[in-house]
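Asks: Next up is a structure, given as C-alpha cells.
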C-alpha cells in the first residue's frame, strides 16, 4: 500500500452547455519521502491534480488515499505552497507562519513551543532575519521562502507545491531550489511539485510525472531520476544521467505531446 | 502611514548636554527645509482664500448687492463668533451648542449605519443568494434622497429626534453596505484557500481574514457615509426644528439675518471637513500601508 495513491482520478467541469473532461484515469502511487514533480504544458490539468490532492477540488471520479485515509477536504496534513506565495499582507512574516502554527498545534503545543516552532521553521528557510517585516517589504523570493516555512510548519504528510518558483527570476529560483533540496534532505518530506521547468524537475525529483495535453489529460509517462543525493547543480551539468533524463522530458514535451498553441 | 516614534537614544547625565546641542543645531540646520515644506503646503490655499474673500468683498460692496460682504458678516456676527458657548434657554444658544446637537444626532445615526451597513455588507458579500435578492432593492432605495425619508420617519416615530437620526442612518447606510460587500467579494481566492488549508473556523475566518482584507473598502464606505450624514442632518434639521445648526440656518433665514447664515455655512463646511479627515485618519491607522492594494 503506497503512502499516497491516486486511484482512477477523473475530473469533469460542467459548464452551462457542455461537460468538459479535464482529467481522466490518473493513477499514481507515491512513497513516503519521495520527491515527485508533475510536468506538462499549460492547461494540461497538472494544477487540477494538485488541487485534488490538496482537497481544494473534489474529483468527480476515483479517489485519493493518503496514509490509508480518503482525502475529501483541505487540511494541514497536505499543506500547499501557492505560486504567488499567498501571504496575508496585514500580518508580519512571523505572524503569517504563527497563524498556521497556532491553528494546527493550538492544542498539542504550549505557547512557548509554538513560538519556537515558528522561529525554527523560519530559520529552515533562512528567513530568521526578517521576521518582523511585512510581506510588502521583502522580495518575491523571500515571500516564497516564508510561504514554504508556513507549509513546513504544519508538518504536512505531503507537501504540495504549485509552481512555487514560477514567478521568480532564474538566480533567485536557483537559490530556492537549493534551499528546498537541503530541507528535503533534512526533513525527508514527501513532496509533489508542479513545474513547467525541465531543469527544475530533473534536479529536484526522484520521479517526474509527465502529463499529456488536455482535454481528458492523463499521465503519459513516469521517469525515474536515478541521480544520487545530495545533488549539486554545477556537477550535474555534465552528468550523463542528468543529460539523459533532461532529454527524455524534453522529447516527451516537445516531440510527442507538442502543445497545439506552441506549434 | 504609521507614525514612527523618535527612537534616538539620549545618553544619560552630563553627556546629554552636548547631545542636546547637537540635536538643536541639527534642528536649526533643517529649519529652512522645514519652512519651505510648510510654505509649500500652506501658501497656495491661503492665497486662494484671500483672493476669494477679496472677490466676495468687491462684489458685495457694489451698489445693489443682496448679500453682505465679509467685513459686514464679521461685524454683524461678532457676538456669535466671540461667544459660542452662551445659552439663553430654548433655541437661543451659542453656535457650539447647535453644532454639538447636530453632531450628536450624526454620531448616533452614523454609528447605527456603520454597524448595520457592515453586517448587511458582509451578508450580501458572502452569500450570492442574499446578493441576488437584496442588491436590486438596495440599488433602488439608495437613490431615494435623504429628505424624502423624513415624512415617513416622522409618521413612524412621531418624534423629531429619532426621525432625524433615522434619516442619517438611511442616508449613510447604503455606501457602507455596498463598499463592504465589494470588499468581501474581492477577497482573493488565495486567502480563502489558505484559510481552508489551515482549517479556520467561521468566526476565525471572519476576524483573521475577512475583516482585515475588507477594512480599506469598509472605510471608503464609512467616509462617503459620514459626508452624506452631514449633508442630510443640516437639511433635516431645517425641517424638524429644535436645537441644531440646520435649524439655526433656517431660523436666521426667517429673521433675514444673512450674516448669520453665512457664518453658519462656514462652520458647517469646516465641521464636515474635519469629520471626513477624522474617518480618513482612522482608516489610515487601522489599515495603514499594509492594506490590500
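Every number here is computed from the coordinates shown, using simple stated rules; none is lab data. Quantities reported herein were computed from a predicted structural model and do not represent experimental measurements. Every residue, glycine among them, receives a Cβ derived from its backbone with ideal geometry; neighbour counts consider all protein chains shown.
Asks: Taking every DSSP beta bridge with both residues inside chain A, roughly what % is antiparallel (nearest 5)? Present the calculation step by step, with values, prior to reporting the outcome.
Replies: Working: 20 of 37 bridges.
About 55 percent, rounded to the nearest 5.
Asks: Using 0.36 nm per residue, how much length does the chain from residue B:20 to residue B:285 gain when fully extended, once their Cα-Cα distance is taken away?
Replies: On the way: separation 265, 0.36 × 265 = 95.40 nm, distance 3.13 nm.
Once the chain is fully extended between residue B:20 and residue B:285, it gains 92.3 nm.
Asks: Let me ask you something else. What number, in nm² with one decimal, is the all-direction average of the projected area of the convex hull of the alpha-carbon atoms of chain A?
Replies: Values: hull surface 61.4 nm².
About 15.3 nm², averaged over all directions.
Asks: Scaled to the compact-protein estimate 2.2 N^0.38 Å, what is the alpha-carbon radius of gyration of the protein assembly as shown, rounded to two decimal places? It would help to have the intermediate numbers written out before the result.
Replies: Numbers: Rg = 33.0 Å, N = 556, 2.2 N^0.38 = 24.3 Å.
Normalised Rg, Cα atoms only: 1.36.
Asks: Report, in deg cm²/dmol and to the nearest 500, the calculated mean residue ellipticity at 222 nm for chain A, where each DSSP H run with n ≥ 4 adds -39500 (n - 2.57) and the sum is divided by the residue count. Intermediate results must be reported in sequence, preceding the final value.
Replies: On the way: 8 runs with 91 residues, N = 263.
Helices in chain A give a 222 nm mean residue ellipticity of -10500 deg cm²/dmol.
Asks: Next question, about the same structure. When only alpha-carbon atoms are used, what values of Rg and Dmax, in angstrom, describe the stretch B:56-131?
Replies: Cα only, the stretch B:56-131: 22.4, 65 Å (Rg, Dmax).
Asks: Then there's this: Testing the spin-label approximation: label points 7 Å from Cα along Cα→Cβ at residue B:100 and residue A:185. State their distance in nm.
Replies: With each label placed 7 Å out from Cα toward Cβ, I get 7.5 nm.
Asks: Show log10 I(q)/I(0) for the stretch A:45-164 at q = 0.21, 0.23 Å⁻¹, two decimals, from a solvent-free Debye sum over equal Cα scatterers.
Replies: Treating every Cα as an identical point scatterer, log10 I(q)/I(0) equals -1.13, -1.26.
Asks: Expressed as an acute angle from 0 to 90° and rounded to the nearest 10, what is the orientation of the C-alpha long axis of helix A:111-124 relative to the principal long axis of chain A?
Replies: Tilt of helix A:111-124: around 50 degrees.
Asks: Remind me, relative contact order of the stretch B:104-241 in percent, using alpha carbon pairs under 8 angstrom and six or more residues apart?
Replies: Numbers: 163 pairs, mean separation 51.1, N = 138.
Averaging sequence separation for qualifying contacts and normalising by length gives 37 percent for the stretch B:104-241.
Asks: In addition: Rounded to a whole number of µm²/s, how large is the Stokes-Einstein D of the stretch B:29-173 at 37 °C and 0.692 mPa s, given Rh as the Kirkwood radius over C-alpha pairs? Let's see the in-between values first.
Replies: Numbers: Rh = 20.5 Å.
Roughly 160 µm²/s, to the nearest whole number.
Asks: I want to verify the translational diffusion coefficient of the stretch A:209-263 in µm²/s; compute it with Stokes-Einstein, Rh as the Kirkwood radius over Cα pairs, at 4 °C and 1.567 mPa s.
Replies: Rounded, D is 102 µm²/s.
Asks: What order do you get for A:16-26, B:115-125 when each peptide is scored by the mean count of other beta carbon atoms within 10 Å, highest first?
Replies: Working: A:16-26: 14.8, B:115-125: 20.2.
Order by mean packing, descending: B:115-125, A:16-26.
Asks: Percent of Cα-Cα pairs more than 16 Å apart in the stretch A:6-90, please. If you can, show how the numbers build up before the last one.
Replies: Numbers: 2094 of 3570 pairs.
Across the stretch A:6-90, Cα pairs with separations above 16 Å total 59 percent.
Asks: Relative to the longest principal axis of chain A, what angle (0 to 90°, nearest 10) does the C-alpha long axis of helix A:240-251 take?
Replies: That helix lies at roughly 60 degrees to the long axis.
Asks: Once you keep just the Cα pairs under 8 angstrom separated by 6 or more residues, what percentage relative contact order results for chain B?
Replies: For chain B, the relative contact order is 22 percent.
Asks: When 1/r is averaged over all different Cα pairs and the result inverted, which Kirkwood radius in Å belongs to the stretch B:219-293? Working shown, then result.
Replies: Numbers: mean 1/r = 0.0724 Å⁻¹.
Roughly 13.8 Å, rounded to one decimal.
Asks: Could you calculate the contour length gain from residue B:82 to residue B:207, that is, 0.36 nm times the residue separation minus the distance between their Cα atoms, to one decimal place in nm?
Replies: Details: separation 125, 0.36 × 125 = 45.00 nm, distance 4.84 nm.
Value of the extension gain: 40.2 nm.
Asks: Please state, rounded to one decimal and in Å, the Kirkwood hydrodynamic radius that the stretch A:146-220 gives when every pair of distinct Cα atoms enters the mean of 1/r. Show your work: numbers first, answer last.
Replies: Details: mean 1/r = 0.0743 Å⁻¹.
By the Kirkwood definition, the hydrodynamic radius is 13.5 Å.
Asks: Here is a further query. Would you please classify the overall shape of chain B from the alpha carbon gyration tensor, given that a ≥ b ≥ c denote the square roots of the eigenvalues, rounded means a/c under 1.5, and beyond that prolate means a/b larger than b/c while oblate covers the rest? Numbers along the way, then the final one.
Replies: On the way: a/c = 2.28, a/b = 1.08, b/c = 2.12.
Since a/c reaches 1.5 but b/c is at least a/b, the shape of chain B is classed as oblate.
Asks: Also, quick follow-up: Hey, could you grab the Kirkwood Rh for the stretch B:140-293? Inverse mean 1/r over distinct alpha carbon pairs, Å, one decimal. Numbers along the way, then the final one.
Replies: Values: mean 1/r = 0.0560 Å⁻¹.
Hydrodynamic radius (Kirkwood, Cα pairs) of the stretch B:140-293 is 17.8 Å.
Asks: Please average, across the residues of A:81-90, the number of beta carbons from any other chain that are within 10 Å of each residue's own beta carbon, and give a whole number.
Replies: Per residue, the number of nearby Cβ atoms from other chains is 5 on average.
Asks: Along the Cα-to-Cβ line of residue B:66, 7 Å from the Cα, sits a label point; which residues in the stretch B:219-253 have backbone N less than 20 Å from it?
Replies: B:249-253
Asks: Starting from one equal scatterer on each C-alpha and no solvent at all, send me the Debye-based log10 I(q)/I(0) for the stretch B:16-101 at q = 0.14, 0.22, 0.23, 0.25 Å⁻¹, two decimals.
Replies: Reported log10 I(q)/I(0), two decimals: -0.79, -1.03, -1.05, -1.09.
Asks: Ok, one more. Please give the calculated 222 nm ellipticity per residue for chain B, where each DSSP H segment of at least 4 residues contributes -39500 (n - 2.57) and the sum is spread over every residue; nearest 500 deg cm²/dmol? List each step's numbers first, then the result.
Replies: Numbers: 11 runs with 222 residues, N = 293.
After summing the helix terms and dividing by residue count, I get -26000 deg cm²/dmol.
Asks: Also, I was wondering about something else. Normalised by the number of residues in chain A, what is the relative contact order in percent for Cα pairs under 8 Å and 6+ residues apart? Write down the numbers at each step before the final one.
Replies: Details: 476 pairs, mean separation 65.6, N = 263.
Reported relative contact order: 25 percent.
Asks: Apply 1/(1 + (r/R0)^6) to the Cβ-Cβ distance of residue A:29 and residue B:277, taking R0 = 60 Å, and write down the FRET efficiency to the nearest 0.05.
Replies: Details: r = 63 Å, r/R0 = 1.06.
The computed FRET efficiency comes out at 0.40.
Asks: Mind checking the angle between helix A:140-153 and chain A's longest principal axis? C-alpha axes, 0 to 90 degrees, to the nearest 10.
Replies: That helix lies at roughly 80 degrees to the long axis.
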